[in-house]
Amino acid sequence: MAPEPIRHILRRFELEPPVFFAEEARRCLGTDLSLWKESGVLKEASPATSAACRECGSGNVRRLEYFTDPARGRREPYIPCPDCGLVRIELERLRRWQIDTWGLLSFISDHGNVRGPATEVVRGRLWRLGTANWAGRPREVYFARRYGSETCRAVVAQMRRRPKSLLLMPTTDGARRWAGVTTNPVIALDSSLTAELGSVGLDLSYIEACLADAGLTDPRRGRKPVRKRGERAAKIELLESEMGKHLRAAQHHAQSTQELGGTPKLLPRPRQKELAKRTGLTKSDFSRCLNDASAKWLRVLWEAATDLDQVMSYGAKPIPKAAT
Ligand SMILES: [Zn+2]
């Protein structure tokens, strides 16, 4: 995952409704759209009910009307353009993707090591994510979106009762506005992103530096020691062994379905969350491991689990090193 799409997602989360139309989704998220859907941050919303005319480029936006095209034998959307008449609209253009609030919050908590569960404090505006051990001390972490409307006062009142809690914001622009009305330390998520070996995450050292700037760190405690390299290697090994177990189970499943019905069936690859759970790791541990430069074999196993031929020949011959 590249860091640019999550910046677009965070910016969009400052708007209401937080929705991407098909063309914007393609432009802002590109090929990462499916990854964001899989991660639970985006979900497909109901299709758009209006569209702009492209025939004349007039930008005429009209409500869709559905008619049955006798030649195609199915109902299709049209707009009545005042300049062009009835113009058929491609269904693909009407697809929309909505940011799933709980999906986004859980993405942030997973990547920031925030222990939840998250709860809503002011409807649609303010959430308590949980506690995080940042800069050597447990801290209450809140998340707010959409400054400057009628519920802003409710958010400020809630935060005033928790002066030491941290307030995360989707964007630097939003954070700047909030910083003027709340005394809580405010951190903008779009500035705290890191893309380590292709995996998007939260840069905890940036967050800790923000806390230090705000005078919220205890210099006597010193800095946490840098995580040892061996820890990551041990996690990768654990995941490789779990993927090995899955591939053997998948092979057995393919062989027995072939014996029973003649067609071998692929046992679905476990989701990242599921595999993390089985190995006692977090989802962000999993994605860091998968993207680690030394995790080539893990990536090979991960990819092999989606390929029936490779599953069936697992162990019989070396799996081709397709992943890099
Ligand atoms: Zn037109």
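Averaging the sequence gap over all C-alpha pairs within less than 8 Å and six or more residues apart, then dividing by the number of residues, gives the chain a relative contact order of 12 percent. Taking 7 Å steps out from each Cα toward its Cβ at ALA293 and ASN133 produces label points 2.9 nm apart. With 0.36 nm allotted per residue and the present C-alpha distance subtracted, the ARG161-ARG26 stretch has 44.4 nm of extension available. The stretch between LEU308 and LEU260 holds 15.6 nm of extra length on full extension. This uses 0.36 nm per residue minus the Cα-Cα distance.
Our helix-only sum for the chain, with -39,500 (n - 2.57) per DSSP H run of n ≥ 4 divided by its residues, gives a mean residue ellipticity at 222 nm of -11500 deg cm²/dmol. So, in Å, what gap is there between the alpha-carbon centers of region 1-80 and region 275-305? Here the two parts' Cα centres lie 32 Å apart.
Pop the C-beta distance of LEU15 and ASP203 into the FRET formula with R0 = 25 Å and round what comes out to the nearest 0.05.
0.50
If you take all other residues with their beta carbon under 9 Å from the beta carbon of PHE13, and give Lys and Arg +1 and Asp and Glu -1, the sum is +3.
Given in Å, the Rg to one decimal and the Dmax to the nearest whole number for the Cα atoms of the chain are 24.3, 78. Normalised by the number of residues in region 3-99, the average gap of Cα pairs under 8 Å and 6 or more apart makes the relative contact order 33 percent. Calculated FRET efficiency, VAL181 to LEU91, Cβ-Cβ distance, R0 = 51 Å: about 0.70 to the nearest 0.05. Annotation for GLU44 and ARG72: the two label points, set 7 Å from Cα along the Cα-Cβ direction, are 1.7 nm apart. Inter-label distance, SER241 to ASP173: 5.0 nm, where each label sits 7 Å from its Cα along the C-beta direction.
Taking Cβ separations below 4.7 Å as the criterion for a possible disulfide partner, the isolated cysteines in the chain are CYS28, CYS56, CYS152, CYS210, CYS289. Taking a ≥ b ≥ c as the square roots of the eigenvalues of the Cα gyration tensor, an a/c ratio of 1.5 or more together with a/b larger than b/c marks region 3-99 as prolate. On the basis of the beta-carbon distance and an R0 of 41 Å, LYS277 and SER58 show a calculated FRET efficiency of 0.15.
Every number in this text was worked out from the coordinates using simple rules, so none of it is lab data. Not measured: the values here are computed from a predicted model. Glycine gets a Cβ as well: all are built from the backbone with ideal geometry, and neighbour counts include every protein chain shown.
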